[in-house]
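First comes the structure, then the notes that go with it.
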Amino acid sequence: MEINLPDEFITQLSLSKRIVFFTGAGISAESGIPTFRGEEGIWKKFRPEELANFNAFMRNPTLVWEWYQYRRKIVRETTPNPGHYAIVEFENYFDVTVVTQNVDNLHKRAGSKLVYELHGNIEKNYCIRCKKRYDFIEFPENQGAPICECGGNIRPDIVWFGEYLPNDQFSSSENAAEVSDIFFVVGTSSVVYPAASITNIARSAGSYVVEINITETEISDRVNLFLKGKSGEILPKIIELIKSEKAKT
Ligand code: BV8
Ligand code: ZN
C-alpha cells in the first residue's frame, strides 16, 4: 500500500524529540481483537450500559465477569502486530510515551517501555471490599465471579463508564501531551472522555497532531495530518522512512 508522507511531516520528524502515541482499539484490530464501535465491534453484540459499568457488575457479577473472561481469552490468544512493534522501534530515535485506552496489554507485550493505561488492564483485578490485588491470575473457567477470602467480589481493574480514570496515569498523560513535539492519534474514534481530551491538550500546546485511522473521525478536520489506512501498515512505513533519512546523515 503506497502511503505518501508530506515533506512537512518529514521535516517535523527531523526536528522532533518527544513523541506521544495516543492509541485506541484500532491499533489492536490487526491482532484480531474486535474494536468497540466498528462494524464487527463488540458493542454491536453487547451494550456497554449492560456490561461495562459498576451497577451491571453488582446486579450480575457472573455475567460481567464471564464477559471479561471471554475478552481475556481473546487477548491471550493474540499477539502484538507490526503497529505495536513500530511504536517500540520509534524508541530508538525519539523519547516515546504511549498513552493507551486499550486494556489488552499489547503495548507492554510488544516491549514499549513507558505506557500509561487510561482505562486499566484486563490482566489486573481487585477485591471491591478489601482492595486486595488479584493481578495476572488464571481464574478457572465458568466458575462464576470469584470471591475474595474476605467475602468481597473480585472485579476487573478496568475503568467502567461513570468511573474515574487512574489519576496518576491521566495526569502523566496530560503532561506528556503538553510537551510532545508530535502527537500521534492511532486507531481511536475519540468519542470517550475524558481520555479524548488529551488530544486537545496536545493541539493547544502546539504539538504536530497526526491521526492514523482507516476512516475519518470527528477530530480528523482538526489535526495537522490525517493518514488514512491501517496502523499496522502506516507505522512501519514511517519507521522505514526514518531509517532511510537517518542513513543519509
Ligand atoms: C467518567 C470499558 C466521571 C472497559 C471503556 C465528558 C467528560 C467526562 C466523561 C464523559 C463526558 N462525556 C461523556 C462522558 C461519559 C463517558 C463517555 O465518554 N461516554 C462516551 C461513550 C460518550 N465517560 C466515562 O464514563 C468515563 N468516566 O466520565 O467518570 C468523570 C466525569 C468528569 C470527569 C472525570 C470523570 C470512563 C470512560 C472509560 C469507559 N471505559 N471501556 C472495557 O470493557 O473496555 S470505554 C471503551 O471505549 C474502551 O475502553 C475504549 O478504550 C474506549 C474508546 O474506544 P476506542 O478505543 O476509540 O475504540 P472504537 O471502537 O470506538 O474505535 C476504534 C477506531 O479504530 C475506529 O475509529 C476505527 O475506524 C479505527 N480502526 C479500526 N481498525 C483500524 C483502525 N485504525 C487504524 N488501523 C486499523 N487497522
Ligand atoms: Zn477482599
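The values are calculated or read from the model by the stated rules, or taken from the named source; none is laboratory data. Only a predicted model underlies this, so the values are computations on that prediction, with no experimental measurement involved. A quick note on method: Cβ atoms are made from the backbone with ideal geometry, for glycine too, and the neighbour counts reach across all protein chains shown.
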Would you point out the residue of the range 93-145, among those that are basic (Lys, Arg) and within 16 Å of ligand 2 (Cβ to nearest atom), that is surrounded by the fewest Cβ atoms within 10 Å (Cβ to Cβ)? Lys131
Failed item in (1) modelled with pLDDT of 95 or more; (2) within 24 Å of Glu66 (Cα to Cα), with Phe139 passing the rest: (1)
Tally time: how many residues in the range 11-45 are surrounded by fewer than 22 Cβ atoms within 10 Å (Cβ to Cβ), near ligand 1 (Cβ under 9 Å from one of its atoms) and modelled with pLDDT of 95 or more? 2
Residue that is farthest from the chain's Cα centre (by Cα), among those in the range 147-199 that are in a strand (DSSP E or B) and over 28 Å from Val209 (Cα atoms): Ile147
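How about the range 81-136: which of its residues are of a type in the set (D, E, K, R) and within 16 Å of ligand 1 (Cβ to nearest atom)? Give the steps one after another, and end with the answer.
Taking the range 81-136 as the starting set, the residues that turn out to be of a type in the set (D, E, K, R) are 89, 91, 95, 104, 108-109, 113, 117, 123-124, 129, 131-133, 135.
Within the range 81-136, Asp104, Lys108, Glu117, Glu123, Lys124 qualify.
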Which condition does Cys150 not pass, out of (1) within 16 Å of ligand 2 (Cβ to nearest atom); (2) buried (at least 19 other Cβ atoms within 10 Å of the Cβ), if it passes all the others? (2)
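Would you be able to tell me the number of residues in the range 187-243 that are on the phi > 0 side of the Ramachandran plot and more than 12 Å from ligand 1 (Cβ to nearest atom)?
Number of matching residues: 1.
Only one of Gly144, Gly152 is away from ligand 1 (no atom under 12 Å from the Cβ), in contact with a Cys (Cβ under 6 Å, 6 or more places away or on another chain) and touching a residue at least 24 places away in the same chain (Cβ under 8 Å); which?
Numbers: Gly144 fails: in contact with a Cys (Cβ under 6 Å, 6 or more places away or on another chain).
After applying the criteria, what remains is Gly152.
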Please tell me if Asn102 is part of a loop (DSSP other than H, G, I, E, B), without any contact (Cβ under 8 Å) to a residue 24 or more places away in the chain and assigned by TED's automatic domain parsing to the domain that holds Gln12. no
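Has the range 202-211 got at least one residue that is in the same structural domain as Thr62 (by TED's automatic domain parsing), assigned to a loop (DSSP other than H, G, I, E, B) and away from ligand 2 (no atom under 16 Å from the Cβ)? It would help to see each step written out before you state the result.
Step one: of the range 202-211, the residues in the same structural domain as Thr62 (by TED's automatic domain parsing) are none.
Within the range 202-211, not a single residue is in the same structural domain as Thr62 (by TED's automatic domain parsing), assigned to a loop (DSSP other than H, G, I, E, B) and away from ligand 2 (no atom under 16 Å from the Cβ).
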Failed criterion for Glu233 (all others in (1) of a type in the set (D, E, K, R); (2) in a helix (DSSP H, G or I); (3) within 16 Å of ligand 2 (Cβ to nearest atom) hold): (3)
Of (1) modelled with pLDDT under 95; (2) within 23 Å of Leu235 (Cβ to Cβ), Val103 fails just (1)
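Hey, among the residues in the range 47-68 that are within 15 Å of Ile137 (Cα to Cα) and buried (at least 19 other Cβ atoms within 10 Å of the Cβ), which one's farthest from the chain's Cα centre (by Cα)?
Residues of the range 47-68 that are within 15 Å of Ile137 (Cα to Cα), as a first pass: 65-66, 68.
After this cut, where a residue has to be buried (at least 19 other Cβ atoms within 10 Å of the Cβ) as well, the list is 65, 68.
Numbers: Trp65: 21, Tyr68: 17 Å.
Of everything passing the filter in the range 47-68, Trp65 is farthest from the chain's Cα centre (by Cα).
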